[in-house]
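Below is one structure, written out as C-alpha cells; comments come after it.
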Amino acid sequence: MDPIFVVIIIVVVLIVFPLLWYIGVMNSLRQMEVKINEAESGIDVALTKRFDVLTKIVNTVKGYAKHEAETFENVTKWRAGLPKTLSLQEKQEFMGKMDAVQSGINIAVEAYPELKAEKLFSNLQASISDVEEHLQAARRLYNSNVSRINTVIVTFPRSIVAGMIHMEKKEFFEADTSKREDVEISF
Amino acid sequence: MNDELIRFQQEKKSIEKQVIIGSALSLLSVILFIALINYGPWGLILLVPGVIYMALGASKFKKLSNKFKHEVLAEVITKFVDEGVFEPSRGLSLNTVYATEFLKRADRYHVEDYLSGKIDGVDFVSSDVKLEERHVEHTKNGTRTYYVAYFLGRIFEFEFNKKFDGYLQVLEGARPHSKRKYKKVKLESIDFNKKFKTYTTNEHSAFYVLTPHLMESLMAFEKNNKGKIYFSFIDTKLYLGINNFKDTFELKMFRELNESSFEEFKRELYVIKDVVTELKLNNNIFKKE
C-alpha cells in the first residue's frame, strides 16, 4: 500500500473522526441547552398566566372575606407581573408563594360556601386548574430536558466534550415547599 | 335473557350440525374419489351436495349472527349506552378512520358494527374496522395477488375534554401516518416510554395532556386489553384503536352460547366505559367555553 495513503488513513482515524464526533456532541449539547431555555420560557408564560388568574381570584375573594384582604397583599405586591430577570431559584420561590396563596383561597372558600356558588368564582377556579396543569406540564418538560442534558454531561465519553465547553449540570425546577412558609395565611 | 340465549343456542347448534354434515359429505367424497380413482370420477358425486349443504349452513350462520346482533345485542347496548345506536351492517366512514392519523391507507377495507352514544355524558362513535394491504407475488406460473390484514379490531372516537395546541399520538409499536411534523418525545416514566412511543407536534402539549395520572391510566388500559393499542389526540377528539385481530360482537361457530360467553359481548362495552372513566373524559373542568 502507498505510504501516503496509509498516512491519510491514520490522520482520518486519529484526527478527523474524533473532530467530527466532538462537533456532533457539542452541537447536540448546545441544541439541548436551547431546548432547556425554551422550556424555561414556557415556565415563565405559565407562571405569568397563573399569577394573572390568581390575582383575579384574590379580588373576587376579597369581596367575601374582607378580613383576609391583608393576607392577599402577598399577591398584590407582584402586581407588576413576573420580572424578566428572575433566576430559576426565584421562579421556584414565586411558584411556592402562589401555591401558598392558592391554599389560603381554598380555605377561604370552605369558610364562605356562597363563594362557591358565584359563577365568576367557579369560572376562575376552572381557569386556575387549567393554568396549573399548564404550569405542571411546563415544569415537567423543563425537567425532562434537564434530565436528558445532565445524562449526557455525566456520561463518558461525552462528558469530556461537556467539560471542554464548560457545560455544567443544570438545575431541576422543583416547587420549593419550604418557601411556602414565607406567606402567612391565617384565617 | 336466558330463554332467548337458549333459543339462539338451539338454532346455532342445528346450523352447526348442517355444517358438520356438509363437511363430512365433502370429505367422504374426496376419500371415495381417491379409493375409486381407477373407476373414474364417481367418487366425487357427493362433493357438490356436500359443499352446497355446508355453504348453506355457513350462510344461515351469518344470518343468525346478524339476527343475534339486532335482537339481543342491540337491546343490551341501548340499556348500557345513553342515546345508543347499534347498526351492525354499517361502520365508521373511511374519513373518520384516517382522521386517527395512526393508520395507513388501505387497499381494501371493511367496516361493520357501528356503535354510537353517550357514556357519562361523553359522546363516542365506534365500529369494527378491517384494513388490508395488497401484495403482488411474481412466480414462474404467473402473478398472484393477495391481501394481508394489518388492522383488525375496533376504532373509537371520543370527545376529548382538554383543549390544547398541536397534535399528539401515543402508539404501541407504530408510527403516525400523517403529513404533520410529528416528533418523538420521551416522558418521565421509563415504563411508559417502553410500552408506548409518543409523537407530538408540540412538546408542551404532550406533557399537558399526558399527566402522570393519564399515563398510568393508558398503561392500565393497555394491560387490560389484548392487542396493540393506539391513542391519538387530534383537535377535540380522542381516537382509540385496538388492533387485536378480533371481530367483535360476532357469534362463534362451535362455541357454546351461554351466560359466560354472553358476558364477553358485554365486556366489549365495558371497554368504552373504562376509557371514559379511567381517562376522566367525563371531567369537563378543562374545556373552555
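The values are calculated or read from the model by the stated rules, or taken from the named source; none is laboratory data. Just so we're clear, the structure is a prediction, and the values are computed from it rather than from any experiment. Here Cβ is always computed from backbone atoms with ideal geometry, including for glycine, and neighbour counts include all displayed protein chains. For accessibility, only protein heavy atoms count, side chains too; no ligands or nucleic acids. Shrake-Rupley method; radii C 1.70, N 1.55, O 1.52, S 1.80 Å.
Does B:Tyr146 meet the test of being loosely packed, with under 12 Cβ neighbours inside 10 Å and among the aromatic types (Phe, Trp, Tyr)?
Answer is yes for this residue.
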- [ ] Mind listing just one residue for me: the one in segment B:247-260 that is of a type in the set (D, E, K, R) and closer than 25 Å to B:Ala55 by Cβ and, of those, modelled with the highest pLDDT?
- [x] B:Asp247
- [ ] Could you list all residues from segment B:104-123 that are on the phi < 0 side of the Ramachandran plot and open to solvent by less than 10 Å² (accessible area, probe 1.4 Å)?
- [x] B:Leu115, B:Ile119, B:Val122
Open item on the list: Among the listed residues A:Phe156, A:Phe172, identify the single one that is open to solvent by 50 Å² or more (accessible area, probe 1.4 Å) and either touching a Lys or Arg at 6+ places or on another chain (Cβ under 7 Å) or within 14 Å of another protein chain (Cβ to nearest Cβ) (or both).
Closed with: A:Phe172
Task: segment B:201-219, residues that are of a type in the set (Ser, Thr, Tyr) and within 11 Å of chain A (Cβ to nearest Cβ) - done: B:Ser205, B:Tyr208, B:Thr211
Open item on the list: So A:Ala111 ticks every box in (1) at pLDDT below 90; (2) touching a Gly at 6+ places or on another chain (Cβ under 8 Å); (3) aliphatic (A, V, I, L, M) but one. Which box is left unticked?
Closed with: (2)
- [ ] Take A:Leu86 and decide whether it is under 16 Å from the mean Cα position of the chain (by Cα) and at pLDDT 80 or above.
- [x] no
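Here are B:Phe254, B:Phe233: which of them is in contact (Cβ under 8 Å) with a residue 24 or more places away in the chain and either under 19 Å from B:Asp82 (Cβ atoms) or away from chain A (no Cβ under 14 Å) (or both)?
B:Phe254
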Open item on the list: Residues to consider are B:Glu157, B:Glu222; find the one that is farther than 25 Å from B:Phe86 by Cα, away from chain A (no Cβ under 11 Å), under 20 Å from the mean Cα position of the chain (by Cα) and surrounded by 16 or more Cβ atoms within 10 Å (Cβ to Cβ).
Closed with: B:Glu222
- [ ] Return the pairs, sorted by first residue and then second, in which the second residue is part of a loop (DSSP other than H, G, I, E, B) and loosely packed, with under 15 Cβ neighbours inside 10 Å, the first residue lies in segment B:147-165 and is aromatic (Phe, Trp, Tyr), the beta carbons are less than 7 Å apart, and the residues are 6+ apart or on different chains.
- [x] B:Tyr147/B:Asp107; B:Phe160/B:Thr236
TODO: Could you tell me which of the residues B:Ala55, B:Ala24 is farther than 17 Å from B:Glu256 by Cβ, surrounded by 14 or more Cβ atoms within 10 Å (Cβ to Cβ) and not assigned by TED's automatic domain parsing to the domain that holds B:Gly117?
DONE: B:Ala24
